[in-house]
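Just so you know, all these numbers are worked out from the coordinates, no wet-lab data involved. Note that the coordinates shown come from a computational prediction; the quantities given were computed from them, not determined experimentally. Cβ coordinates were reconstructed from backbone atoms using ideal geometry, including for glycine residues, and neighbour counts include every protein chain displayed.
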Amino acid sequence: MHDPVRVGVIGCGNIFSRYATGMSRFPGLELVAVADTDPVRAQAAAAESGAVACTVDGLLGRTDVDVVVNITPPAAHAVVSEQVLAAGKHLYVEKPLAATSAAARAALAEADRRGLLFGAAPDTFLGSAGQTARAAIDGGVIGEPVGATAFVTHSQAETWHPDPTFLFRPGGGPALDMGPYYLSALVNCLGPVSAVYGTSRIGAPQRTVTAPGRLVDRIEVSVPTHTAATVTFASGVLATVMLSFDVWDHHLPFIEIYGTEGTLSLPNPNNYDGPVLLRRHGDPQWSELPPAVPPLARAGSDDQLMRGIGVADLAAALREARPHHATAGLAFHVLDALEAIAVSADTGAPVQLTTTCERPEPVDGTYGAEALNTLEVHP
Ligand SMILES: NC(=O)c1ccc[n+]([C@@H]2O[C@H](COP(=O)([O-])OP(=O)(O)OC[C@H]3O[C@@H](n4cnc5c(N)ncnc54)[C@H](O)[C@@H]3O)[C@@H](O)[C@H]2O)c1
């Protein structure tokens, strides 16, 4: 048995509880310190989790913090990530990697220079659904992948987030807020993106916030909220991708991959687990594939919104001196692809990507986590 890797969290807002509870599933992680620019939030997070409340500088100066999890809003990701790496700590940051790919570059270079691990959300593709789909693709069960679809529909944040303003500002929007889950899942299965073409618009210029306990009543929207894109993968697969905060109701799948010998249908990539369905040409019906790794939580339950496996993977990589999977390099490529869709929408021209990444290696388990089946949180 190894000692757990000691974790500090910067940013104690809406998602904090899901990290605290989610990380507590993994015996390889121990949450020791929390910090926020708002000391009241840091105190509340400390009371909830049993960690020590600190200032940001105080947390970064602690010798008992090995890995820092940056769950500040997107506009603060790059600055906080640079502070963490400058303090010599390994880092895991929420999605998107930064508000822009340009803003992420300094932190990527700093992590490289210092030899620090730099992980990034989303980590959901490390769950049973992403790993099952990946194994099916690699095993050739649908033949050669030819096409794919991915549909980001409205997460309805106005109805549950007390202040979803950042979701409707640069760094947010459906592309950068939800797009990383879908594109990371596709890259996990299909490899890197080579080119994109996109069109987009703002659905409604203002949004009314109806969340209980809301901190704002109304939001001025300054990023596109509906995007239609074609995404070409280096492998030649063509994906049709919709990224929208304007689709409230629909009959669309989350992600499907179409091969020469059959179709795979994947569950919500914002979750870790759920049925991966296969229908090979001539099959009378869809069949559910057995999970390639154990599920982390009951499919469809709110426990799917807990977070932490990406941090546990990074901690295991640190202990075992091996590569991790939910890397900042993958997140950078995904952010670049999503930004390129926006550039294409602005210019009307397709964009060839200049970044690429390796497909993350498959994982062989869930880092000793006990499956969560009882806890419920608000989505
Ligand atoms: N809310 C969700 O359901 C959800 C789910 C998955 C991922 N995420 C991602 O997690 C991140 C945080 O989301 P959230 O909903 O918790 O946001 P939030 O606005 O509720 O909380 C962010 C917290 O960070 C603090 N903060 C801001 N700048 C800081 C700085 N420079 N140093 C220290 N603290 C700072 C704020 O005071 C706030 O308490 C975002 O990147 C978001 O995309 C959120």
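Ratio of the chain's C-alpha Rg to 2.2 N^0.38 Å, to two decimals? All intermediate terms of the calculation are to be shown ahead of the outcome.
On the way: Rg = 19.8 Å, N = 379, 2.2 N^0.38 = 21.0 Å.
The value comes to 0.94.
What shape does the stretch 91-177 take by its C-alpha gyration tensor, where a ≥ b ≥ c are the square roots of the eigenvalues and a/c under 1.5 counts as rounded, a/b above b/c as prolate, and the rest as oblate? Verdict is oblate for the stretch 91-177.
Can you give me the convex hull volume of the Cα atoms of the stretch 165-318, divided per residue and expressed in Å³? Each step should come with its number before you reach the end.
Details: hull volume 26.3 nm³, N = 154.
Enclosed volume per residue, from the Cα hull, is 171 Å³.
Based on alpha carbons, the Rg and Dmax found for the stretch 280-325 are 16.3, 47 Å. Residues whose amide H comes within less than 5 Å of that of residue 152, counting only those at least five positions distant or on another chain, are 242, 243, 244 (H built at 1.01 Å from N in the peptide plane).
Cα centroids of the stretch 324-373 and the stretch 240-286: 19 Å apart. In this rough spin-label picture, where each label sits 7 Å from Cα along the Cβ direction, the residue 322-residue 302 distance is 3.6 nm. The amide H of residue 147, built 1.01 Å from its N in the peptide plane, has 238, 258 as neighbours under 5 Å, considering only residues 5 or more places off or on other chains. Across the options 68, 115, 282, the greatest Cα extent toward the positive end of the charge dipole of the chain (unit charges at beta carbon of Lys, Arg, Asp, Glu) belongs to 115.
Under a Cβ-only charge scheme (Lys and Arg +1, Asp and Glu -1), can you give me the dipole magnitude of the stretch 313-366 about the Cα centre, in debye to the nearest 20?
Details: 3 positive and 8 negative charges, 18 e Å.
Dipole size: approximately 80 debye.
Placing +1 on each Lys and Arg Cβ and -1 on each Asp and Glu Cβ, with no other charges, gives the chain a dipole about its Cα centre of roughly 300 debye. From the alpha carbon centroid of the stretch 50-83 to that of the stretch 91-112 is 14 Å. Report note on the peptides 334-340, 250-256: ranked by the mean count of other C-beta atoms within 10 Å, highest first, their order is 334-340, 250-256.
Let me have the 222 nm mean residue ellipticity of the chain computed from DSSP H runs of 4+ only, each contributing -39500 (n - 2.57), with the sum over all residues rounded to the nearest 500. Intermediate values should be presented prior to the final figure.
Numbers: 10 runs with 111 residues, N = 379.
One gets -9000 deg cm²/dmol as the mean residue ellipticity at 222 nm.
Among DSSP beta bridges lying fully in the chain, give the percent that are antiparallel, nearest 5. Counting only bridges with both partners in the chain, antiparallel ones make up about 55 percent. Build a GNM of the chain with springs between Cα atoms under 10 Å apart, and of 118, 332, 166 the one that fluctuates most is 166. Taking 0.36 nm per residue of sequence separation and removing the Cα-Cα distance, the residue 112/residue 354 pair yields an extension gain of 85.2 nm.
Kirkwood-type hydrodynamic radius, the stretch 18-117: 13.9 Å, calculated from all non-identical alpha-carbon pairs. For the stretch 306-311, 3J(HN,Hα) computed residue by residue from phi via the Karplus equation (6.51, -1.76, 1.60; θ = phi - 60°) reads 5, 10, x, 5, x, 6 Hz, glycine and proline entered as x.
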